[in-house]
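Below you'll find the structure, written out as structure tokens, and then a few comments.
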Amino acid sequence: LERTTLKAPFDAYVAQRFTDNHVNIDPGEPIVRLMDLSQLFVVANVPEDLLATATPDRVRSIQAAFAFAPEQRFDLTFRENRGESHAVAQTFRVTFAMPRPEGWNILPGMTATVFLELEPPLAQTSLRIPTAALLSDPNKNHFVWKFDPVSGAVSQQAVEIDPATEALQRTIDIS
């Protein structure tokens, strides 16, 4: 009788029962599958361009919303990135964690929408233009034609070329 009681090492949710009550079982045979719901995991497939630019210093907030409570948002914490992309979709599997919220019965397998708010990128000091738009004066100073929408006039704007860019595209600084 002392060996007939099962105790979980945490407050558990019984996800699946593998046997009925009052049935003899063999050692090592599974009886139940338990889930620890004190922390929930949200898995999202993140496109490669977002993963490459969403550095930790740019992340303002990561939140999840569920269809049954679209106005309610739950804070997420980054947990892990699988590190390799899906062969076809070119997305990366990223796992976030959230504490189990009071008053909601959120369970594994429920669908969530993840909201990611990023700081804007640093102010760009350069602009890419087609090589054909780049001109030079007799003194070999580079310029582009700049259009003023208020007056409708064009004027020369001196530019500086970044020599580290590709031959077909030049990066210029507009002063």
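The values are calculated or read from the model by the stated rules, or taken from the named source; none is laboratory data. Quick caveat, the model's predicted, so the values are computed rather than measured. Note that we place each Cβ from the backbone using ideal geometry, even for glycine, and neighbour counts take in every protein chain shown. In case anyone asks, the SASA skips ligands and DNA or RNA and just uses the protein heavy atoms, side chains included. Shrake-Rupley method; radii C 1.70, N 1.55, O 1.52, S 1.80 Å.
Annotations
- Filtering the range 72-90 to residues that are at pLDDT 90 or above and not in a loop (DSSP other than H, G, I, E, B) leaves 72, 73, 74, 75, 77, 78, 79, 80.
- Residues satisfying the stated conditions in the range 26-61, i.e. basic (Lys, Arg) and surrounded by 13 or more Cβ atoms within 10 Å (Cβ to Cβ): 58
- Residue within the range 29-38 that is within 20 Å of residue 6 (Cα to Cα), of a type in the set (D, E, K, R) and assigned to a strand (DSSP E or B) present: yes
- Residue 6 satisfies every condition listed in (1) within 28 Å of residue 102 (Cβ to Cβ); (2) of a type outside the set (Lys, Arg); (3) at pLDDT 85 or above except (3).
- Annotation: residue 64 fulfils all but one of (1) open to solvent by less than 70 Å² (accessible area, probe 1.4 Å); (2) modelled with pLDDT under 90; (3) small (Gly, Ala, Ser); the unmet one is (2).
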